[in-house]
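Written below as structure tokens is the structure these notes are about.
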Amino acid sequence: MKIALFGASGFVGSNLAHHLERQGQHDIRLCDIEDKKLRLRFENRSFDYEPVDISADTDRVDEIVADSDLVFDLAAYVHPAMFISNPLDVVQLNFFDCLGVIRSCVRHKKRLIHFSTSEVYGKTGGSVEPFREDETDLVLGPIRNQRWIYSCAKQLLDRMIFAYGVEHGLNYTLIRPFNFVGPLMDKFSKAWDRDDNPRVFANFMSSLVYDRPMMLVDGGLNRRCFTYIDDAVSALQAVIDHPNETNRQIINVGNPANETTIKGLAEMMAALYIKEFEPSAHPSIESVASQDFYGRGYEDCDRRMPDISKLTAIGWKPKYGLEETLMNSMSYFVNNKTRMVEMLGD
Ligand code: UDP
């Protein structure tokens, strides 16, 4: 197949592209506004990259879609810090610009694999059940809590893609990722910057490497299921390989066995860092109020656990436990720090 990836140089895109290229089964075309993470991930291997800005190069997007058999839409702003600092940009890219890619897929009748988000589920509303794609209510906080603008924009797009399936026969799969971590997950951050904070794994990693406190937002009591990127990529491969079973489906991708509180994550990362990387390190962990860390308008998802029965039904299951997930991810960051900082800054 000819597979086009829009947003190919993000965290998921660069790892997926690297996998597809090594697998060598398909002709892949990598499109993004820049190729830094692709260059890092591919190291000395060559790749077929084209600079494409989905917000401006709409004719080119349309041509690429027309010339593809399968389109991945991975373009997104995904950092909660940004939902508060730049909410309108978040809607522009995650909703309006992605809508252009989706409409091209409708126009040219191309199969689409679009990245939704587990943020769409919002808060648990007190339920202890894992999130189910077709059953769970989507529970968001009030408008002034800007954290939810991303979830809301992504939810509307999910609903439009569903409607394009019903009204125009669009063939699609919506992917709901649950806290993927691994190589090139965000970047290092030397000093904490409220408006440009990486997500929790990269921020904790930066704290360890730059010897600054790991900050637990509101005590770090909320829970996430951290999923190793190789497991995520193999789930995407399973989706590619099962077009009929996954068509017009929403699919959670995550590892429910890897659930931890954020405090638990900090403690595990600190212990692994001392044991495996820097025996003389003295990591410190501090609590910080969410209002101070993110600013006004932040509200957290209390717990986020996927039901993964749709994926297990097509033969996928996650392989990496929490400790291995963190070890592999931390090891990439430690071993590639200089190149990452050179290319992505800190
Ligand atoms: N968090 C934290 N310290 C940090 C960054 C994030 O305690 O340095 C918390 C955040 O409040 C949330 C969880 O970690 O409860 C996961 O945050 P992340 O930014 O990774 O994204 P999310 O899972 O909320 O989309």
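Worth pointing out:
- PHE131 vs. criteria within 10 Å of the ligand (Cβ to nearest atom) and either among the hydrophobic types (A, V, I, L, M, F, W, C) or buried (at least 21 other Cβ atoms within 10 Å of the Cβ) (or both): no
- With respect to the conditions (1) touching an Asp or Glu at 6+ places or on another chain (Cβ under 9 Å); (2) at pLDDT 95 or above, ALA271 lacks only one, and its number is (1).
- Taking (1) part of a loop (DSSP other than H, G, I, E, B); (2) buried (at least 22 other Cβ atoms within 10 Å of the Cβ); (3) within 13 Å of the ligand (Cβ to nearest atom) in turn, LEU184 satisfies each apart from (3).
- Residues of the range 274-295 that turn out to be within 15 Å of the ligand (Cβ to nearest atom) and in contact (Cβ under 8 Å) with a residue 60 or more places away in the chain, as a count: 11
- Look at the range 249-266: where a residue is over 13 Å from GLY321 (Cα atoms) and a partner is away from the ligand (no atom under 11 Å from the Cβ) and aromatic (Phe, Trp, Tyr), sitting 6+ places away or on another chain with Cβ atoms under 8 Å, you get ASN252/PHE131.
- Filtering the range 206-221 to residues that are within 16 Å of LYS263 (Cβ to Cβ), part of a helix (DSSP H, G or I) and either more than 22 Å from the chain's Cα centre (by Cα) or more than 10 Å from the ligand (Cβ to nearest atom) (or both) leaves LEU208, ASP218, GLY219.
- Contact annotation: residue pairs with Cβ atoms under 8 Å, 6 or more positions apart or on different chains, pairing a residue in the range 88-114 that is touching a residue at least 24 places away in the same chain (Cβ under 8 Å) and of a type in the set (Gly, Ala, Ser) with a partner that is in a helix (DSSP H, G or I) and surrounded by fewer than 20 Cβ atoms within 10 Å (Cβ to Cβ), are GLY100/THR58; SER104/ASP62; SER104/ALA66.
The values are calculated or read from the model by the stated rules, or taken from the named source; none is laboratory data. Note that this is a predicted model, so its numbers are computed, not measured. Glycine also receives a Cβ, built like all others from the backbone with ideal geometry; neighbour counts cover every protein chain displayed.
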